[in-house]
């Protein structure tokens with residue numbers, strides 16, 4: 001008797017956004033550690049490489065003219081200009097990963113997420129929230145890497161980002177890392193199990209009844 005074949009699943013776009021200091025990097029790193037098959041999009045940038053960064057691994061480092069040409073051809077699903085440098089994600093490599101059944105994780109800002117939603121409306125969009133303003137301020141100060149002015153800017157930016165949290169599909173409050181990770185993990189697994197990820201599977205399954 002032949003073994004039942006595993007259903008083919010389309011890849012999932014998982015987008016996570018959060019104000020600085022909320023713990024996004026910790027949760028996304030843990031998700032990738034538990035699920036190493038999750039793809040991670042390598043962005044293009046016009047800034048020069050920093051020490052230890054390798055082209056094609058950390059970023060695709062390109063000239064400003066090449067980036068603008070790619071943008072003009074509509075090759076980016078999201079892009080932004082930050083501190084006089086361009087950053088962007090090419091659409092085709094993401095589509096290739098999805099067609100191959102690989103999930104793709106985006107750790108990105110709110111502006112980029114809204115652009116991505118136009119290209120990948122079927123994606124799962126999660127927003128990570130701090131438990132309170134006071135706790136976020138405590139975390140930012142506790143890092144000891146920012147000046148008081150920089151902390152104030154991050155807090156103001158956080159307010160603007162939180163005002164757009166209603167545009168996301170899921171909220172995860174990071175009040176305690178283990179609990180927050182389990183919720184974030186559940187969001188990912190729930191997204192993988194949606195009917196749209198198994199396009200055509202139900203028709204094929206029902207056809208077996210017709211053939212029988």
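The values are calculated or read from the model by the stated rules, or taken from the named source; none is laboratory data. These numbers come from a predicted model, not from an experiment. Here the Cβ is made from the backbone with ideal geometry for all residues, glycine too, and neighbour counts use every protein chain on show.
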Conditions (1) in contact with a strand residue (DSSP E or B) (Cβ under 9 Å, 6 or more places away or on another chain); (2) within 30 Å of residue 170 (Cβ to Cβ); (3) part of a loop (DSSP other than H, G, I, E, B) -> residue 77 fails only (3)
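Residue-wise test of (1) at pLDDT below 95; (2) touching a helix residue (DSSP H, G or I) at 6+ places or on another chain (Cβ under 7 Å); (3) not assigned by TED's automatic domain parsing to the domain that holds residue 90.
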residue: 10; (1), (2), (3): yes, yes, yes
residue: 24; (1), (2), (3): yes, no, yes
residue: 30; (1), (2), (3): no, yes, yes
residue: 33; (1), (2), (3): no, no, yes
residue: 47; (1), (2), (3): yes, no, no
residue: 52; (1), (2), (3): yes, no, no
residue: 55; (1), (2), (3): yes, no, no
residue: 67; (1), (2), (3): no, no, no
residue: 70; (1), (2), (3): no, no, no
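Answer yes or no: is there a residue in the range 162-179 that is under 25 Å from residue 8 (Cβ atoms) and either out of contact with any helix residue (DSSP H, G or I) (no Cβ under 7 Å at 6 or more places or on another chain) or surrounded by fewer than 16 Cβ atoms within 10 Å (Cβ to Cβ) (or both).
So far as the range 162-179 goes, yes, one or more of its residues are under 25 Å from residue 8 (Cβ atoms) and either out of contact with any helix residue (DSSP H, G or I) (no Cβ under 7 Å at 6 or more places or on another chain) or surrounded by fewer than 16 Cβ atoms within 10 Å (Cβ to Cβ) (or both).
Just to be sure before I move on: is residue 32 in contact (Cβ under 8 Å) with a residue 40 or more places away in the chain, under 21 Å from the mean Cα position of the chain (by Cα), surrounded by fewer than 19 Cβ atoms within 10 Å (Cβ to Cβ) and not in a loop (DSSP other than H, G, I, E, B) in the structure I sent? Spell out how you get there, then give the answer.
Values: in contact (Cβ under 8 Å) with a residue 40 or more places away in the chain: yes; under 21 Å from the mean Cα position of the chain (by Cα): yes; surrounded by fewer than 19 Cβ atoms within 10 Å (Cβ to Cβ): yes; not in a loop (DSSP other than H, G, I, E, B): yes.
Here the answer is yes, as residue 32 does meet what is asked.
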Which one of these does residue 50 not meet: (1) outside any helix (DSSP H, G or I); (2) touching a residue at least 12 places away in the same chain (Cβ under 8 Å)?
-> (2)
For the range 142-153, how many residues meet the condition of being closer than 24 Å to residue 177 by Cβ and surrounded by 13 or more Cβ atoms within 10 Å (Cβ to Cβ)?
-> 2
Any idea which of 78, 99 is touching a residue at least 24 places away in the same chain (Cβ under 8 Å) and surrounded by fewer than 13 Cβ atoms within 10 Å (Cβ to Cβ)?
-> 99
Restricting to the range 180-190, what's the tally of residues that are surrounded by fewer than 16 Cβ atoms within 10 Å (Cβ to Cβ) and more than 16 Å from residue 105 (Cβ to Cβ)?
-> 1
